[in-house]
Amino acid sequence: MIRRRLADRAVRWYAGLLAGRALTAATYGDDDAGRDLTARAVRRGPVAVEQLVTVWTEAVLAGLPPAAPAREGVREVPITCDFAIAADAGQRPPTARWVGYLLAAAANHDHAMRRALIEAVPAEDLHDHLAELLRTASDAVVARDDGFWP
């Protein structure tokens with residue numbers, strides 16, 4: 001049990017390192033390096049994938065006001081995920097909807113939903129979904145640096 005937790009901690013640390021490097025590469029336009037670093041992390045297993053998702057969703061949400069405290073059983077989300085749940089959501093790519101749902105789960109600190117969303121992605125589609133999340137995180141970092149994001 002202790003060895004497993006230590007192994008998971010090491011994988012999380014390494015995946016976090018790769019996630020940061022992939023985000024930096026994508027921010028500077030090196031999509032191939034971002035893809036390669038993501039693939040290296042994914043090969044480490046589900047713990048690494050969760051860490052990638054955590055790092056990149058935090059990058060998107062950084063600087064936004066925290067979610068309001070629960071009120072009458074409803075927790076307000078400090079962002080809107082219109083691109084995920086808009087009336088034309090059926091016309092959006094599944095990867096964009098997935099990213100929107102992930103961001104809503106992260107904003108609400110809903111770890112169970114985040115894990116369920118990750119596990120729901122078929123293995124053959126995982127790289128496409130992670131690439132969309134990385135692109136979203138990279139766009140958020142660039143927009144924030146350019147003053148277009150809170």
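Coordinate-derived values only; no laboratory data. What you see is a predicted model; the values in this text were computed from it and never measured. As a convention, Cβ positions derive from the backbone with ideal geometry for all residues, glycine included, and neighbour counts pool all protein chains shown.
Some points to look at:
- Take the Cβ atoms of R92 and Y14, set R0 to 41 Å, and the FRET efficiency comes out at 0.80.
- Highest to lowest packing among 2-8, 55-61, 117-123, scored as the average C-beta count within 10 Å: 55-61, 117-123, 2-8
- Taking 0.36 nm per residue of separation and subtracting the current Cα-Cα distance, fully stretching the chain between D146 and A39 would add 35.6 nm.
- The modelled label-to-label distance for the pair D139/E58, using points 7 Å beyond Cα in the direction of Cβ, is 2.3 nm.
- Packing-based ranking of 128-141, 30-43 yields 128-141, 30-43, ordered from highest to lowest mean Cβ neighbour count within 10 Å.
- Across all C-alpha atoms in region 96-145, the radius of gyration and Dmax reach 11.4, 34 Å.
- With both labels modelled 7 Å from their Cα along Cα-to-Cβ, the I2 to A116 distance reads 3.6 nm.
- Gained length - D125 relative to H109, 0.36 nm times residue gap less alpha-carbon distance: 3.3 nm
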